[in-house]
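Enquirer: Quick one: the structure is below, and I'll ask about it shortly.
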Amino acid sequence: MNKIVKLTLILFLVSAIVAGVLGLTNMVTEEPIRLYNEKKTAEAYSAVMDFDSYDEVSYSGDRSEVTKVYKTNNGDWIVEAEVSGSQGMITVAVGVKADLTCNGISIISSSETSGLGSKASNAEFKDQFPGLTADQAKVTKDGGQINAITGATITSRAVCTAVGAAIEAVSTLG
Amino acid sequence: MLTSILSISLGAILINNFIFSQFLGCCPFLGCSSKVDTAVGMGLAVTFVMGLASAICWVVNEYVLMPLGLAFLQTLTFILVIAALVQFVEMFLKKSIPSLYSALGIYLPLITTNCAVLGVVLLNVQNKYNFIESTVYGITGGLGFLLAIVLFASVRERVEFAEYPKSFEGFPICLVTASLLALAFMGFSGMKIF
Amino acid sequence: MNIKKQFKDGLITNNPVLVQLLGMCSTMAITTMFFNGIGMGISVLIILTCCNVVISAMRKIIPNDIRIAVFVVIIAGFVTIVDLLLQAYVPALSESLGVFIPLIVVNCIIIGRAEAFAAKNSIGASALDGIFQGLGYTIVLTIMCIIREFLGSGSFGKGIINTINGIGTGNGLQIFPEEFGAKLLTMPFGGFLTLGCLIALMQYALRKSAEKKEKEGNK
C-alpha cells in the first residue's frame, strides 16, 4: 500500500510541476492569441461589409449553422456561420445587405485539406458571391451561379450553404 | 438532433474515416493488421475505449477545465484520462469478464498511444460537439476504425501470396495496399444526409 | 560518446520514419505543403530534444512502475508549450497543422526514443539523440512534402516563398500550372503511396549497401 501512495505522490508531483509550467506559458501566450483571434475576426468582418460599428443581435431561428448575427450602423448584416466541410467545420463570415443579397464572404477558420479546400479563401472563389441572392449562391451543379473550386465541390457547397443560411437568418430577422 | 447524429455517424464511419481520410490511428492500423482475428480484437478494443474516452473527456472538459479557465491543460488532462481509463478497463475486464480480457487484453495497453483516441477527444472539443454527439462520434469513429482495419487485414492476408518487388517487402507493400483502400474510400466523399 | 554514429543512425540507418516506422500518422497527414513539413519537423525536433534531456536527467529518480505515465506527462507538457507558442506567434502554422500539434503527444517517436534511449543514457547523448532523430524525421517529412506538393499541385515552397502578409500566406513558386497536377497525391491516397515508395527506396538502398559490404568482407 505504501508503495502505491508513494508512486501516486510522485506522479502527482510531476503533473503539478508540468501544470505549473504550462500555466506560466499560458500567461505569456494568452494575450497574443487573443489579439490574433480578434484581429482575424475584425479583418473578416470588414472584408465582407463596410461599417462604422455593429451590434450583436440574438438569433434563435431554424438555421442551426448560424452562430452569430450582427447589425451594422448602415442597416446591413454580418453573419457568422459554421458548416461542415469535407473534413471538419468551416467558419464563414457572410456580409448580407438589407436587400437580402450577399455582400461578400470571408473564411475565418477551416480544417480542410491544405491546398484544396483552403482555396475557398482565394479571391477567385470568394469574388463570385457579392450581389447574389440566396437562390443564386449555389454551385452551378445545384443550379446556382457559383463555380465550385476544382476538386473541392464539397467545400464549395458547404460555403454556399453558409451563405444561404446567413441570408435566410437575416430574412427572418428583417 | 437525429439528423445531426446520423450525419456524424456516416461521416465518422465512411466519409471522414479516421484512417483513410484523417490518418488518425495509423500505427496500430499497420501494426495489428497481419491477421483478421487480431484486427477484429484491436478494432473492438479501440471502439470501446474511444466511446468511453469521448464521454468522460467531454464531462471533464465541460465541468472541470472550462469553468476553471484551464483550457491549456486539455492535452495533458485528456491523455491522463485516457491512460487511466485504459488501465481501469484492463483491470475491470481481467476481474469480471476474463473471456473478453483474454481476447482484447494484449491490445489494451497499446491503445493509450493510439492517436485515434486522443484525436477523437480533441476533435470533439474543436467541433464543439455536445455530450451525445461526442459519444456518438467516439463510438462511430471507432467503428470506422474497425471497418478499416478488418478490410485492410483481409486484403493483407492475400497480399502475402502476391509477387512484388523485393524492396517493397513488409511495410511498403502494406502502405501501397492502404493507399488503394484510401482511394476506394474517397468514393464516399460527398455523401450527405439532409 | 559516438556523435558520428548517432548522426548516421538518426538520419539514415536508424531513421525514425523510414526504418523504425515510428510516427506514421503525422508523416502522412500533414505533408501536403513544404511549410507544414518544416514546421512539424522542427516542432517535433524541439519537443523530442527537450523531452530526451528532461527524461534522461530524471531517469534515476523515476520509479520504474510508473515510468511510462511520467514520460507521457512530461511529453504532454512540452507539446502544450509548443502548441501555445505556435498559436501565439506562428498562428498560420498552428491553423494549418490543426489537431496534429497536440497529437505529437502520442507520436510514437517521442515516447519510443524516451523509452529506448533517454531512459538509459546520459543527458548529453540523449540531447544529441533527440536532435539527430528529430532531424531524420524533419528530412523525411520535407522530402514527402516536396514530392507531394510538386507532383500534386505543381508548386514548391507554398507558404514560405513569395509571402504576402507574414509567414504562411505565400503562394510558392508555381513550376507548372496547377490544373496539370496529380491532385490525388495531395489527398490521403498520396500520403500512403508516397510513404510506401520512400520506405521501399530506403529498403533497396540499405540492402544494396549491405550486399556491397558483404562483398568487400569476402575479398
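The values are calculated or read from the model by the stated rules, or taken from the named source; none is laboratory data. Just so you know, these numbers come straight off a predicted model, no measurement behind them. Cβ: placed from backbone, ideal geometry, glycine included. Neighbour counts: every protein chain shown. Areas reflect the complete protein model, heavy atoms only, side chains present, ligands, DNA and RNA absent. Shrake-Rupley method; radii C 1.70, N 1.55, O 1.52, S 1.80 Å.
Enquirer: According to a simple spin-label model (label point 7 Å from Cα along Cα-to-Cβ), what is the distance in nm between A:Lys3 and C:Lys120?
Expert: A separation of 2.3 nm, rounded to one decimal place.
Enquirer: Okay, moving on. Kindly report, to the nearest 10 Å², the accessible surface of B:Ser34 as traced by a 1.4 Å probe over protein heavy atoms only.
Expert: Rounded to the nearest 10, the figure is 70 Å².
Enquirer: Counting only protein heavy atoms, probe 1.4 Å: which residues of region C:19-34 lose 50 Å² or more of accessible surface in the full assembly compared with their chain by itself?
Expert: When all protein chains are present, C:Met24, C:Cys25 each give up 50 Å² or more of accessible surface.
Enquirer: Here's something else I'd like to know. Quote the convex hull volume per residue of chain A, based on C-alpha atoms, as a whole number of Å³.
Expert: It is 176 Å³ per residue.
Enquirer: If R₀ is 25 angstrom, what is the calculated FRET efficiency for the pair A:Asn122 and A:Asn37, using the beta carbon separation as r and rounding to 0.05?
Expert: 0.70
Enquirer: While we're on this one: Distance between Cα centroids, region A:1-73 to region B:6-37: provide it in whole Å.
Expert: 30
Enquirer: How much accessible area per residue does region C:1-71 have, in Å², with a 1.4 Å probe?
Expert: 40
Enquirer: Ballpark to the nearest 100 Å², how much total accessible area do A and C bury together, probe 1.4 Å?
Expert: Chain pair A/C: roughly 2100 Å² of buried accessible area.
Enquirer: While we're on this one: P(r) tail for chain B, what percent of Cα pairs lie past 28 Å?
Expert: 30
Enquirer: Using only Cα atoms, find the angle between the long axis of helix A:153-173 and the longest principal axis of chain A, and express it within 0 to 90 degrees, rounded to the nearest 10.
Expert: Compared with the principal axis, the helix lies near 70 degrees.
Enquirer: Lys and Arg at +1, Asp and Glu at -1: add these up for the other residues within a Cβ distance under 15 Å of C:Gln87 and post the number.
Expert: -2
Enquirer: Over all residues in B:77-86, what is the mean tally of Cβ atoms on other chains that come within 10 Å of each residue's Cβ?
Expert: Across B:77-86, the average partner-chain Cβ count within 10 Å equals 3.
Enquirer: Measure off, as a whole percent, the carbon and sulfur share of the 1.4 Å-probe accessible area of chain B, all protein chains present.
Expert: Accessible surface attributable to carbon and sulfur in chain B totals 71 percent.
Enquirer: For chain B, list the DSSP H helices whose alpha carbon atoms reach 15 Å or more along the long axis and whose average Kyte-Doolittle value is 0.5 or above?
Expert: Helices meeting the span and hydropathy rule in chain B are B:36-60, B:74-96, B:115-126, B:131-159, B:171-186.
Enquirer: I've got another one for you. What does the structure give for B:116-128 when I average, per residue, the other chain Cβ atoms found within 10 Å of the residue Cβ?
Expert: 4
Enquirer: With only alpha-carbon pairs counted, each pair once and no self-pairs, how large is the Kirkwood hydrodynamic radius of chain C in angstroms?
Expert: In chain C this quantity evaluates to 18.4 Å.
Enquirer: Set the Förster distance to 60 Å, then compute FRET efficiency between C:Ala182 and A:Ser46 from the Cβ-Cβ distance, nearest 0.05.
Expert: 0.95
Enquirer: Sticking with this structure for a sec: Taking all protein chains in place and a 1.4 Å probe, what share, in percent, of the accessible surface of region A:1-72 do carbon and sulfur account for?
Expert: The computed percentage sits at 59.
Enquirer: What distance in nm separates the simple spin-label points at A:Thr140 and A:Ile17, each placed 7 Å from Cα in the Cβ direction?
Expert: Those two pseudo-labels are separated by 6.3 nm.
Enquirer: Given a cut-off of 17 Å, what percent of all Cα-Cα pairs of region B:89-147 lie beyond it?
Expert: 51
Enquirer: Oh, and also: I need the fraction of alpha carbon pairs in region B:1-110 separated by more than 18 Å, rounded to a whole percent.
Expert: Roughly 61 percent, once rounded to a whole number.
Enquirer: Taking every alpha carbon pair in region B:50-129, what does the distance histogram look like in 5 angstrom bins from 0, in percent?
Expert: 3, 15, 25, 22, 14, 10, 7, 3, 0
Enquirer: Please work out the ratio of the alpha-carbon Rg of the protein assembly as shown to 2.2 N^0.38 Å and round it to two decimals.
Expert: 0.99
Enquirer: Another one. When Cβ neighbours within 10 Å are restricted to other protein chains, what is their mean count per residue of peptide A:13-19?
Expert: Neighbouring Cβ atoms belonging to other protein chains average 6 per residue here.
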